[in-house]
Amino acid sequence: MSIAASMIGKPTSGAIVKSATFVAADAKDNTNGEYCAVTGIIVPATAGAPTMEFQVNLPTQWNERALHMGGGGYDGTLVTGLGAYVSQPKGTPNALAQGYVTLGGDGGHKGAVFDGTFALNDEALLNYGQLSVKKVHDVAMAIIQKRYGAKPRRFYFIGGSQGGHEGLDAAARYAADYDGVIANYPAYNLSLLQQASLDVGRALYDNGGAGWINDNKRKLLVGAVHAACDSLDGLTDGIVGNIQACNAAFNINTVKATLRCSGGADTGDSCLSDAQINAVDKISSPYDLGFPIAGQQVFARWPLLEGGDFSFFGAGSALGFAPVPTSAATPPVDALLYTIGAAHVRYFVAKDPLLNPLTYDPANFKARLQDLGGITEVTQQSLEAFRAKGGKLILTHGTTDGLISPHNTEDYYDLQLKQFGQPGVDSFIRFYMIPGFDHGAGRYNLGYDGLTVLSNWVEKGQAPDTVASVDNNAADPATARSRPMCRWPLWPRFTGAAGTENNAASYTCTAP
């Protein structure tokens, strides 16, 4: 099967199905049921641009709905749609097994998760920034109609990180195509985010790495935050739930008073030097770029003093292994945020693979950064059309996310409040901040039945309030601890009896 360019709502040279494979239901492991897996490529509009890979899975027992799944990082890997959606609870049936057509793409290029080299090609960059969502959607629609002779009654999107950004693209740019979206920890303002990420690296590595924090010192700081803040939500369980109280109980002044090395010089792993304290202060303070990108100039603080572990997806330090970064800027040897920011300024901004990120000055690239605001940002894209058609949006973020600050999504929510007011926002948006949840992992690894919550809201008018969740860290889903997801700005306080700590019913959603 081939799909004409005229059937795809953004510039391409059409699409080609490469394979269509029947997959029988597995009696032993029926995670997806019986379906046909369709794969292919979308041919670029311009010579020299990479092709875009897609996969569309067609269940034999179709429920007349489709779920588009988003990517992550700098994309580059095919999202097959065969696994769980982001934050799906362990042990629950996949969307495909429930009868949804599932689909995904690769963002319009191939590469490792933090490989930014594709951005040297203009079409690949535009695909990544905003067009891949539309192109994959339209190809999927052609395939769905070919298979079933009908369009889906409902079309949903779920993604996290870059996939969260793609979810906001789906809602804001392509409102006519989607009925409901879940955007988890979205990278909706990529350029400002990566300038702030690089700024974290500068805090650690400037002045010969005087501010760099080794793993022992990272653990010292994280331990001190938890000692002061863990119990403030009514329970000592390794999770800081009451962020506002934590901000009062432990802040940069506390760091200076309790963790400073005598005399301010680095005297070992039991304290922080003045240079290291300055780095902590810089990381845990808002970052002001000095000029706006897509209307946004200040990036929110990182949660380093709010319970964030700054670990490399739960394993080891995300702050690098040495005070001097390598020229390749590669994680986990080098600080994770630094490496992602370095890739952005080298390939997206300067288009110079040899650029030294430590001497880079964003003021010298103001025009280019603001141009990128029109390519990769969704900050100023209004949700009005999505709201007007009855679309529903669920936003989630973890309080300990060290890859995209949770306060960044808070800022996005505030933008919607300014446009629509609280009643208007309440009519189509829900925002949940989850204590202990990091970037797809964390001390509390969020699992919730988001697809059911979203579809019930869209199709039955059942607007969600407090939502049940489980900790996906548990090996056995049947024994996983549960917590309520509280609507922002509420947070869960433990109010139950001893022995009920793992039961969501033992928590009360509390105002800050």
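The values are calculated or read from the model by the stated rules, or taken from the named source; none is laboratory data. Bear in mind the structure is a predicted one, so any value in this text is a computation, not a measurement. Virtual Cβ from ideal backbone geometry, glycine too; neighbours counted across all protein chains shown. Please note that ligands, DNA and RNA were not included when accessible areas were found on the heavy atoms of the full protein model with its side chains. Shrake-Rupley method; radii C 1.70, N 1.55, O 1.52, S 1.80 Å.
General remarks:
- Criterion (part of a helix (DSSP H, G or I) and either over 28 Å from Leu192 (Cα atoms) or in contact with a Phe, Trp or Tyr (Cβ under 6 Å, 6 or more places away or on another chain) (or both)) met by exactly one of Lys282, Lys256: Lys256
- Given (1) assigned to a loop (DSSP other than H, G, I, E, B); (2) without any contact (Cβ under 8 Å) to a residue 60 or more places away in the chain; (3) among the acidic types (Asp, Glu), number of the condition Asp414 does not satisfy: (1)
- Residue within the stretch 81-88 that is open to solvent by 10 Å² or more (accessible area, probe 1.4 Å), of a type outside the set (Gly, Ala, Ser), under 17 Å from Ala187 (Cβ atoms) and touching a residue at least 12 places away in the same chain (Cβ under 8 Å) present: yes
- Top-ranked residue in the stretch 316-329 [being in contact with a helix residue (DSSP H, G or I) (Cβ under 8 Å, 6 or more places away or on another chain) and surrounded by fewer than 15 Cβ atoms within 10 Å (Cβ to Cβ); ranked as farthest from Asp206 (Cα to Cα)]: Gly316
- The number of residues in the stretch 450-481 that are surrounded by fewer than 16 Cβ atoms within 10 Å (Cβ to Cβ), assigned to a helix (DSSP H, G or I) and not aliphatic (A, V, I, L, M) comes to 5.
- The residue that is farthest from the chain's Cα centre (by Cα), counting only those in the stretch 384-416 that are open to solvent by 40 Å² or more (accessible area, probe 1.4 Å) and of a type in the set (Lys, Arg), is Lys389.
- Selected residue (only one of Ala97, Ala66, Ala150, Ala112 is open to solvent by 50 Å² or more (accessible area, probe 1.4 Å), among the hydrophobic types (A, V, I, L, M, F, W, C), at negative phi and not in a helix (DSSP H, G or I)): Ala112
- Ala275 meets the conditions (1) among the small types (Gly, Ala, Ser); (2) within 18 Å of Tyr205 (Cα to Cα); (3) open to solvent by 20 Å² or more (accessible area, probe 1.4 Å); (4) assigned to a loop (DSSP other than H, G, I, E, B) in every case but one. The failed one is (4).
- Selection of first residues in the stretch 204-224 that are crowded, with 17+ Cβ neighbours inside 10 Å and of second residues that are among the small types (Gly, Ala, Ser) and in a helix (DSSP H, G or I), restricted to Cβ pairs under 7 Å at least 6 apart or on distinct chains, gives the following pairs, ordered by first then second residue: Leu204/Ala279; Gly211/Ala203; Gly211/Ala275; Gly211/Ala279; Ile213/Ala279.
- Residues of the stretch 426-449 classified as at negative phi and not in a strand (DSSP E or B), total: 12
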